[in-house]
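Have a look at the structure below before the remarks.
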Amino acid sequence: MNREDARCPADGHGEDAPGSGTPAHPGPAVTLRPVDATIRSAVLALAVRSEQASFVATPDTYLRMCDTGGVWQPLAVLEGDRVVGFLMWGVDEDDDSCWLGGFIVDAAHQGRGLGRAAVLAALELLVEQGSKAGFALSYEAENVTAAGLYTSLGFVPTGERVDDEVVARRPPSGRGA
């Protein structure tokens with residue numbers, strides 16, 4: 001994987017110049033950046049809306065998982081130079097699927113398409129990791145907002161459960177199963 005920042009442009013034209021490798025996405029532009037000491041405190045300050053708190057862990061919990069488990073890799077979601085969200089990724093050794101997890105957008109920045117832009121940027125950045133078995137993620141069944149977002153991006157619930165959460169997968173082509 002290219003560990004440099006990934007940018008998800010917001011020009012809305014549907015395509016970039018041929019061969020650029022970067023699809024254009026309508027909506028805000030976000031950058032994904034590995035979490036390091038310079039932005040860790042901004043990630044720790046992220047908070048979701050109170051009604052969403054039962055669906056996600058705290059940024060501190062997610063960063064500890066990344067620091068200690070050896071599986072999850074942390075990425076900050078930036079709009080300009082401001083940290084507006086977080087997600088982590090890892091490859092499942094059993095089936096080679098690239099998992100996205102710990103996805104949060106700060107309450108103050110929700111409702112503007114940043115979540116969609118961040119997932120699209122992650123799919124683009126991690127295309128090599130998802131090229132064999134595709135992408136996977138999980139969410140609480142009651143989290144209808146997350147379910148709608150992920151479904152609209154080609155993730156299809158599989159009937160699998162992980163920690164009592166719905167598992168959805170997106171094949172390598174990006175199209176539903």
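None of the figures in this text is laboratory data; all of them are computed from the coordinates on show. In this text the structure is predicted, and so the values were computed from the model without any measurement. Cβ atoms come from the backbone with ideal geometry, glycine included; neighbour counts cover every protein chain shown.
Remark: SER138, SER41 ranked as SER41, SER138, counting other beta-carbon atoms within 10 Å and listing the fewest first.
Per residue, the convex hull spanned by the Cα atoms of the stretch 6-170 measures out at 119 cubic angstrom.
For the stretch 6-170, relative contact order (Cα pairs under 8 Å, six or more residues apart, normalised by length) works out to 20 percent.
If you keep only loop residues by DSSP, which GluC sites (Glu not before Pro) in the stretch 57-150 have at most 14 other Cβ atoms within 10 Å of their Cβ?
GLU93, GLU128, GLU142
Protection proxy ranking, highest mean first, for peptides 152-163, 63-74, 103-114: 103-114, 63-74, 152-163, where packing is the per-residue count of other beta-carbon atoms within 10 Å, averaged.
Rounded to the nearest 20 debye, the dipole size of the stretch 6-170 about its Cα centre is 460 debye, using +1 on the Cβ of Lys and Arg and -1 on the Cβ of Asp and Glu. A cut-off of 5 Å between modelled amide H atoms, ignoring neighbours fewer than 5 places along the same chain, links VAL91 with TRP99.
Mark the label point 7 Å from the Cα of ALA108 along Cα→Cβ and return the residues of the stretch 70-96 whose backbone N is within less than 12 Å of it. Once the point is set 7 Å along Cα→Cβ of ALA108, 82-85 turn out to lie under 12 Å by backbone N, inside the stretch 70-96.
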